[in-house]
Amino acid sequence: MSLAEKVVVITGGARGIGAALARRFGQDKPRGLVISDIDLPAAELVALQLRDAGVRALAVRTDVGVRYDAERLIATAQREFGEVDLLCSNAGIATGMGVHAPTSIWNRAWSVNVLAHVHLAHALLPSMSRRRKGHVVITASAAGLLGLPGDAPYAATKSAAVAVAEWLATTYGHLGIKVQALCPLGVRTDLLMPSVEAGHRAARAVTDLDVILEPEEVADAVAAGLDEDGFFIFPHREVGALHAAKALNTDAWIERQSQG
């Protein structure tokens with residue numbers, strides 16, 4: 001899928017997978033690329049790099065867990081560049097905590113990892129539905145399919161993110177809107193590497209399953225996945241097989257994870 005002359009919005013775009021997506025999509029010379037993040041200076045830096053490369057890029061500070069902010073982001077993109085063709089709803093947070101995490105942590109994980117997708121869909125899908133075209137990629141994580149020992153809020157909310165993506169795909173596919181769930185395992189980002197270095201159980205669970213990819217490898221997988229028919233985008237090819245194995249024998253999967 002060429003993004004030439006398309007309008008792209010990426011949340012969580014200041015670093016990691018989001019920044020890699022911005023740089024990868026910038027190669028296609030989109031009509032406009034909006035980089036959203038709660039860290040505006042970091043998002044501005046990515047946008048500046050893209051503008052230096054001749055890409056029309058704009059940074060917007062957004063707390064995607066807040067509905068007003070999500071709606072403002074989409075309105076800004078439409079005002080500056082026109083109707084949005086591709087949304088990468090990529091912002092996410094990890095907690096490294098179990099079921100006893102404070103309610104405030106659970107609420108924040110829910111707002112960023114789940115409700116952000118809902119807020120953005122609410123703001124964007126009416127326009128895509130009228131035009132009968134559009135593309136949404138939700139970063140849901142392999143944890144949404146396989147679970148994640150050591151981080152209960154992350155595992156639960158990423159599972160919910162997969163469900164949101166599936167519901168959107170089921171409900172809006174007949175209107176020409178394509179929805180995909182991006183489900184990587186370990187990626188060399190600020191979200192994972194501090195936990196890897198600390199030997200956290202959640203990080204060990206991730207690294208035991210497959211190699212750690214670079215963000216640029218994930219961005220390449222997304223670029224390729226946009227042209228594929230599948231609902232899932234698996235930068236780590238092993239995730240599909242692991243998901244199938246879990247479905248075939250969930251009891252064995254749970255036992256294996258509990259011994260980590």
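Condition check ((1) surrounded by fewer than 20 Cβ atoms within 10 Å (Cβ to Cβ); (2) in contact with a strand residue (DSSP E or B) (Cβ under 7 Å, 6 or more places away or on another chain); (3) of a type in the set (D, E, K, R)) across all residues:
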position: Ala123; (1), (2), (3): no, no, no
position: Arg131; (1), (2), (3): yes, no, yes
position: Asp151; (1), (2), (3): no, no, yes
position: Thr157; (1), (2), (3): no, no, no
position: Leu168; (1), (2), (3): no, yes, no
position: Gln180; (1), (2), (3): no, yes, no
position: Cys183; (1), (2), (3): no, yes, no
position: Thr189; (1), (2), (3): no, no, no
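Within the range 215-228, restricting attention to residues that are within 19 Å of Ser2 (Cβ to Cβ) and of a type in the set (A, V, I, L, M), the residue that is surrounded by the fewest Cβ atoms within 10 Å (Cβ to Cβ) is Ala224.
Within the range 62-74, not a single residue is closer than 21 Å to Thr171 by Cβ and touching a Lys or Arg at 6+ places or on another chain (Cβ under 7 Å).
As a summary of the residue check, Asn90 satisfies the conditions (1) within 24 Å of Ile254 (Cα to Cα); (2) among the polar types (S, T, N, Q); (3) touching a residue at least 60 places away in the same chain (Cβ under 8 Å) except for the one numbered (1).
Per the conditions (1) within 11 Å of the chain's Cα centre (by Cα); (2) crowded, with 24+ Cβ neighbours inside 10 Å; (3) on the phi < 0 side of the Ramachandran plot, the sole criterion not satisfied by Ser141 is (3). Residue check: Tyr172 meets all listed conditions (1) buried (at least 21 other Cβ atoms within 10 Å of the Cβ); (2) out of contact with any strand residue (DSSP E or B) (no Cβ under 6 Å at 6 or more places or on another chain); (3) of a type outside the set (A, V, I, L, M, F, W, C) but one, namely (1).
Filtering the range 30-82 to residues that are basic (Lys, Arg) and either crowded, with 21+ Cβ neighbours inside 10 Å or under 13 Å from Val7 (Cβ atoms) (or both) leaves Arg31, Arg56, Arg79. The set of residues in the range 229-248 being free of Cβ contacts under 8 Å to residues at least 12 places away in the same chain and either surrounded by 12 or more Cβ atoms within 10 Å (Cβ to Cβ) or on the phi > 0 side of the Ramachandran plot (or both) consists of Gly240, Ala245. Exactly one residue among Val8, Val64, Val55 is under 17 Å from Glu83 (Cβ atoms) and aliphatic (A, V, I, L, M), and that residue is Val8.
Values quoted throughout were computed directly from the atomic coordinates according to the rules given, and no laboratory measurement underlies them. Since this is a predicted model, take the numbers as computed values, not measurements. Here the Cβ is made from the backbone with ideal geometry for all residues, glycine too, and neighbour counts use every protein chain on show.
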